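Input: a single structure, listed below in structure tokens.
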Amino acid sequence: MDFPDPKTILVVQIGKIGDMILTTPLFTGLKKLFPDAILKVLASNLNKDIPLNHCAVNEVIVYRKSFLKNIFLPDISLRKIDMWIDPKDGYSRTSELLLKMYRPEKSIGFNFKKKIFDISLNGIVTGTHAVDINVSPLSFFESQNNKITSLPSFTIPIETEKKFANTFQTDKLNVLINVSAGNNSRYLENNKW
């Protein structure tokens, strides 16, 4: 690493809940590598509860757009970030605009047609699953001798546990189905239902 240990780290994950859950191994790994750093997460209103209930995360900043829908409302807490990490493996105009707006000391992410991030994760990914892509910043910092844990983790609040325990307290078998699929490869065709 060609820069000192960061005091503040921001992980940008403003996607869906599943995207955030698959980013939790990155939080754990970063806290293990940089235990004294303040780990912040830029989350969406939809996925904020995952990092809010993760033991490695110190602060959650909710990404809020203005009434114009395309303009991010500035947040003073995003100033003076030492390390900005965006694990999204596709180009994002929002990511580019946020980087230009807040100008962190160093930024890590995937570069495509133009260089957006100081440190490119292209070529560092060790697998094709979303969790492998999300933990790729750890591969940049860790030597190949250390195994990176890719198991998602977060704490379910006790109120939520109680709510679901009461809801599903029955002798009948319950099947929960997540019908959300952001990628065509995860679609289940009608005849398979």
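You can think of it this way: the chain between Lys113 and Lys192 has 24.5 nm of extra reach, that is 0.36 nm per residue less the Cα-Cα gap.
Would you please give the FRET efficiency between Thr94 and Thr128, computed as 1/(1 + (r/R0)^6) with r the Cβ-Cβ distance and R0 = 22 Å, to the nearest 0.05?
Details: r = 24 Å, r/R0 = 1.09.
Plugging the Cβ-Cβ distance into 1/(1 + (r/R0)^6) gives 0.35.
Taking a straight Cα-Cα cut-off under 15 Å and skipping sequence neighbours fewer than 8 places away in the same chain, the aspartates and glutamates within cross-link reach of Lys32 are Asp5, Glu142. Annotation: Arg93 carries an accessible surface of approximately 140 Å², with a 1.4 Å probe and no ligand, DNA or RNA atoms counted.
Residues of region 43-64 with an amide N closer than 12 Å to a point placed 7 Å from the Cα of Lys162 along the Cα-to-Cβ direction: none. Note on Asn53 and Glu142: their simple-model spin labels are 2.5 nm apart, each label 7 Å out from Cα toward Cβ.
Here the gap between Lys80 and Lys16, fully extended at 0.36 nm per residue and compared with their Cα-Cα distance, gives a gain of 20.4 nm.
Do any of Lys7/Lys31; Lys40/Lys100; Lys40/Lys114; Lys16/Lys114; Lys31/Lys115 go past 23 Å between their Cα atoms, and which? Spell out each step's value before the answer.
On the way: Lys7/Lys31 11 Å; Lys40/Lys100 18 Å; Lys40/Lys114 26 Å; Lys16/Lys114 26 Å; Lys31/Lys115 27 Å.
Cα-Cα > 23 Å for Lys40/Lys114; Lys16/Lys114; Lys31/Lys115; rest within.
Share of carbon and sulfur in the accessible area of region 10-64 stands at 56%, probe radius 1.4 Å.
Dividing the Cα radius of gyration of region 14-63 by 2.2 N^0.38 Å, with N the residue count, gives 1.03.
The values are calculated or read from the model by the stated rules, or taken from the named source; none is laboratory data. Just so it is clear, the structure is predicted and the values come from calculations on it, not from any experiment. Quick reminder, even Gly has a Cβ in these numbers, built from the backbone with ideal geometry, and neighbours come from all protein chains shown. When the accessible area is computed, the model is the full protein with side chains, heavy atoms only, and any ligands, DNA or RNA have been set aside. Shrake-Rupley method; radii C 1.70, N 1.55, O 1.52, S 1.80 Å.
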